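Trainee: There's a structure below that I have some questions on.
The values are calculated or read from the model by the stated rules, or taken from the named source; none is laboratory data. Computed from a predicted model, the values in this text were never measured in an experiment. Positions of Cβ are backbone-derived with ideal geometry, glycine not excepted, and every protein chain shown enters the neighbour counts. Side chains included, ligands, DNA and RNA excluded: accessible areas come from the protein's heavy atoms. Shrake-Rupley method; radii C 1.70, N 1.55, O 1.52, S 1.80 Å.
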Amino acid sequence: MIEKPDNDNNSVGPMIFIIIGKGYESDGAEGVDLHVMLKAADDDSAVREALNALAEEGFIEADLDQIGMLTDVPDEEPHASAYQGALEGEVAIIRFN
């Protein structure tokens, strides 16, 4: 069994992605730093789902800077509860002010 994901996105457990970027709620507004955590089949699906969730939350634009897959469960909040939500199929959006 594969313990770590390979280039074909095969892994033993669920693939939980974290996407880091900025979201904009109106034209000319200062961006809000964001982390989006979600379960997805691949990185393209993760980006698409993250953008849809951000639009539902009222963001009109987003600059997504980094995407990665979490290999360990986060210990600290708010990422620990966001990870749990992602495992349950939610798209967790963490805003930093």
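Trainee: Could you look through segment 78-97, keep only residues that are touching a helix residue (DSSP H, G or I) at 6+ places or on another chain (Cβ under 9 Å) and not small (Gly, Ala, Ser), and pick out the one that is least open to solvent (accessible area, probe 1.4 Å)? Steps first, answer last, please.
Mentor: Pass one, segment 78-97, residues touching a helix residue (DSSP H, G or I) at 6+ places or on another chain (Cβ under 9 Å): 90-94.
Now restrict to residues that are not small (Gly, Ala, Ser): 90-91, 93-94.
On the way: 90: 102, 91: 53, 93: 51, 94: 14 Å².
The qualifying residue least open to solvent (accessible area, probe 1.4 Å) is 94.
Trainee: Which one is nearest to the chain's Cα centre (by Cα), of the residues in segment 56-77 that are open to solvent by less than 60 Å² (accessible area, probe 1.4 Å) and farther than 13 Å from residue 19 by Cα?
Mentor: Ranking the qualifying residues of segment 56-77, first place goes to 74.
Trainee: Of all residues in segment 20-55, count the ones that are outside any helix (DSSP H, G or I) and either open to solvent by less than 80 Å² (accessible area, probe 1.4 Å) or touching a helix residue (DSSP H, G or I) at 6+ places or on another chain (Cβ under 9 Å) (or both). Step through it out loud before you land on a result.
Mentor: Start the filter on segment 20-55 by keeping residues that are outside any helix (DSSP H, G or I), which leaves 20-42.
Right, trim to either open to solvent by less than 80 Å² (accessible area, probe 1.4 Å) or touching a helix residue (DSSP H, G or I) at 6+ places or on another chain (Cβ under 9 Å) (or both) and you get 20-24, 26, 29, 31-42.
Qualifying residue count for the region: 19.
Trainee: Right, another one. So which residues in segment 60-80 are assigned to a loop (DSSP other than H, G, I, E, B) and within 13 Å of residue 36 (Cα to Cα), if there are any at all?
Mentor: Just the residues of segment 60-80 that are assigned to a loop (DSSP other than H, G, I, E, B), to begin with: 60, 70-78.
Once the filter is applied, which keeps residues that are assigned to a loop (DSSP other than H, G, I, E, B) and within 13 Å of residue 36 (Cα to Cα), segment 60-80 yields 70, 78.
Trainee: Here's a follow-up. Of the numbered conditions (1) in contact with a strand residue (DSSP E or B) (Cβ under 9 Å, 6 or more places away or on another chain); (2) at pLDDT 95 or above, residue 52 satisfies every one except a single condition; which is it?
Mentor: Condition not satisfied by residue 52: (1).
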